[in-house]
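The values are calculated or read from the model by the stated rules, or taken from the named source; none is laboratory data. For clarity, every value in this text was computed on a predicted model and none was experimentally measured. Heads up, the Cβs are rebuilt from the backbone with ideal geometry, glycines too, and the neighbour counts pull from every protein chain shown.
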Amino acid sequence: MTEGDIALAPLPQADGQIKNRPIVLLRRLPPFGDFLVCGVSTQLHQRVAGFDETIVPADNEFAASGLKAASLIRLGFLAVLPESALLGKIGSLSSERQQRLLANLCRHLSLQDQPGSKK
C-alpha cells in the first residue's frame, strides 16, 4: 500500500470501541515505515472548513476511492498504524487531493497564533 490509498483498519472510536473504518494513508513515517492515517466518515456535518475534505459521488475520483457514500476525510482523526494493521486497500485518492490534505495538515501544525495557544 502507498500514500494516498484508502484502506480499512481497526481504529479506536470516541466511546473506546475498536471499529474497522476506512482510512486515508497520509504519509509513511520513519524509521519503521508505519503510516500516519486519518479516518473517513459519512458524518459530513463534522467537517472543519479549510481543514477536512469531503469527497462526493460527483467528484471525478469518487469511483476510484472505493467509498460507497459521500464522505468526510477527517484530518482531526489521526492515528499511526503499522502496515500489518491494515485490512486491505479499497481505493485511492488523486495525488492532487493527497497533496491538499498534507498541505492543510502542515498549515495547521505550523500556525503559531492558534486560539488557545500561549504566546
Read through the list (1) surrounded by 14 or more Cβ atoms within 10 Å (Cβ to Cβ); (2) touching a Lys or Arg at 6+ places or on another chain (Cβ under 9 Å), then give the number of the only condition that Phe62 fails. (2)
Taking only segment 79-119 into account, find how many residues are over 20 Å from Phe62 (Cα atoms), at pLDDT 90 or above and assigned to a loop (DSSP other than H, G, I, E, B). 3
Within segment 1-21, can you find the residues that are free of Cβ contacts under 8 Å to residues at least 24 places away in the same chain, among the hydrophobic types (A, V, I, L, M, F, W, C) and touching a strand residue (DSSP E or B) at 6+ places or on another chain (Cβ under 8 Å)? Ile18
Answer residue from segment 35-62, given it is out of contact with any helix residue (DSSP H, G or I) (no Cβ under 7 Å at 6 or more places or on another chain) and among the hydroxyl-bearing types (Ser, Thr, Tyr) and is farthest from Leu25 (Cα to Cα) among those: Thr42
What is the one condition in (1) touching a residue at least 40 places away in the same chain (Cβ under 8 Å); (2) touching a Gly at 6+ places or on another chain (Cβ under 9 Å) that Gln46 does not satisfy? (1)
Which one of Val24, Val37 is β-branched (Val, Ile, Thr), free of Cβ contacts under 8 Å to residues at least 60 places away in the same chain and under 18 Å from Leu109 (Cβ atoms)? Val37
Give segment 79-117 a look and list any residue that's within 12 Å of Val37 (Cα to Cα), surrounded by 14 or more Cβ atoms within 10 Å (Cβ to Cβ) and of a type in the set (A, V, I, L, M, F, W, C), or say none. Ala79, Leu81, Ala85, Leu86, Leu101, Leu102, Leu105
Reported set for segment 8-26 where residues are surrounded by 14 or more Cβ atoms within 10 Å (Cβ to Cβ) and among the charged types (D, E, K, R) is Arg21
Mind listing just one residue for me: the one in segment 65-78 that is in contact (Cβ under 8 Å) with a residue 12 or more places away in the chain and assigned to a loop (DSSP other than H, G, I, E, B) and, of those, surrounded by the fewest Cβ atoms within 10 Å (Cβ to Cβ)? Ala69
